[in-house]
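Working notes for the structure below.
The values are calculated or read from the model by the stated rules, or taken from the named source; none is laboratory data. Quick caveat: nothing in here was measured; it's all calculated off a predicted structure. Cβ: placed from backbone, ideal geometry, glycine included. Neighbour counts: every protein chain shown. Side chains included, ligands, DNA and RNA excluded: accessible areas come from the protein's heavy atoms. Shrake-Rupley method; radii C 1.70, N 1.55, O 1.52, S 1.80 Å.
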Amino acid sequence: MIKLCSLYSGSSGNSVFIATERTRILIDAGLSGKKIIEALSSIGENPAELSAILVSHEHSDHIKGVGVLSRKFDIPIYANEGTWEEMEKKIGPVSTQNKMYFNTDREFELGDMSINPFSIPHDASEPVGFNFYINNKKITNATDLGSISKELLAHFEKSDVILLE
């Protein structure tokens with residue numbers, strides 16, 4: 001089972017939910033914690049059961065609720081170094097054990113998902129999209145794309161589902 005739901009999309013805020021039986025991930029939390037909690041509840045999900053929040057980049061329409069959700073539900077936040085440097089002062093205090101780092105273009109595991117963060121063209125510190133590999137399926141999520149290149153298209157190839165904004 002794979003569950004994928006765009007909770008919010010656009011300049012007012014972005015957030016996507018992706019889950020398997022064992023792993024529940026929020027990609028970005030660009031609205032208030034309250035609105036994200038309401039959106040998760042509307043699709044039958046409990047925010048306290050989130051395994052992680054992945055952050056694509058540090059703009060407020062992607063991080064507004066990140067710190068609140070992490071503090072309220074003790075959720076790890078995953079971002080690359082460039083995003084952490086720009087985001088940390090904007091999201092408020094986060095416990096040290098919930099500050100998780102990934103390397104762009106280096107695959108990592110979260111529960112039963114393999115995740116490959118890849119560079120995207122956007123005016124942020126180190127913006128990324130994500131490829132998720134789950135049960136022999138590939139799901140791609142990328143937001144705020146300014147342009148498409150051959151390198152970017154390579155990350156979309158053989159995707160079973162692509163969510164772009």
Exercise. Tell me, what is the 1.4 Å probe accessible area of residue 78, in Å² to the nearest 10?
Worked result: 30 Å²
Seminar exercise, completed: Measuring from its Cα centre, the range 1-149 shows a charge dipole (+1 at each Lys and Arg Cβ, -1 at each Asp and Glu Cβ) which, in debye to the nearest 20, is 440 debye
Exercise. Aspartates and glutamates near residue 90 by alpha-carbon distance under 19 Å, same-chain residues fewer than 8 away left out - which ones?
Worked result: 28, 58, 61, 74, 81, 123, 126
Problem set entry | Relative contact order computed over the chain (Cα-Cα under 8 Å; 6+ residues apart), in percent | 15 percent
Seminar exercise, completed: Cα gyration tensor of the range 20-65 diagonalised, 5x eigenvalues square-rooted, in angstrom largest first, produces semi-axes 18, 13, 7
Exercise. Reachable lysines from residue 137, Cα under 29 Å, same-chain residues fewer than 8 places away excluded?
Worked result: 3, 99, 150, 158
For this session: Have a look at the DSSP beta bridges in the range 1-91 and tell me what percent are antiparallel, nearest 5.
Result: 65 percent
Seminar exercise, completed: If one builds a Gaussian network model of the chain from Cα atoms under 10 Å apart, the most fluctuating residue listed among 35, 150, 138 is 150
Problem set entry | Added length on full extension, which subtracts the Cα-Cα distance from 0.36 nm per residue, residue 46 to residue 135 | 29.7 nm
Seminar exercise, completed: Sorting 16, 60, 128 by the position of each Cα along the dipole of the chain (Lys, Arg +1; Asp, Glu -1; all at Cβ), the one nearest the positive end of that ordering is 16
Problem set entry | Bridge type composition, the chain - antiparallel percent by DSSP, nearest 5 | 65 percent
For this session: Would you mind checking the range 128-144 for residues with the amide N under 16 Å from a putative spin-label position 7 Å along Cα→C-beta of residue 11?
Result: 144
Exercise. So, in nm, how far is label residue 149 from label residue 112 when the simple model puts each one 7 Å beyond its Cα toward the Cβ?
Worked result: 3.6 nm
Problem set entry | Simple Cβ-charge dipole of the range 62-165, Lys/Arg +1 and Asp/Glu -1, about Cα centre, in debye nearest 20 | 320 debye
For this session: Find how many whole Å separate the alpha carbon centroid of the range 80-148 from the alpha carbon centroid of the range 1-64.
Result: 13 Å
Exercise. Quick one: Kirkwood hydrodynamic radius for the range 1-134, alpha-carbon pairs, angstrom, one decimal?
Worked result: 14.5 Å
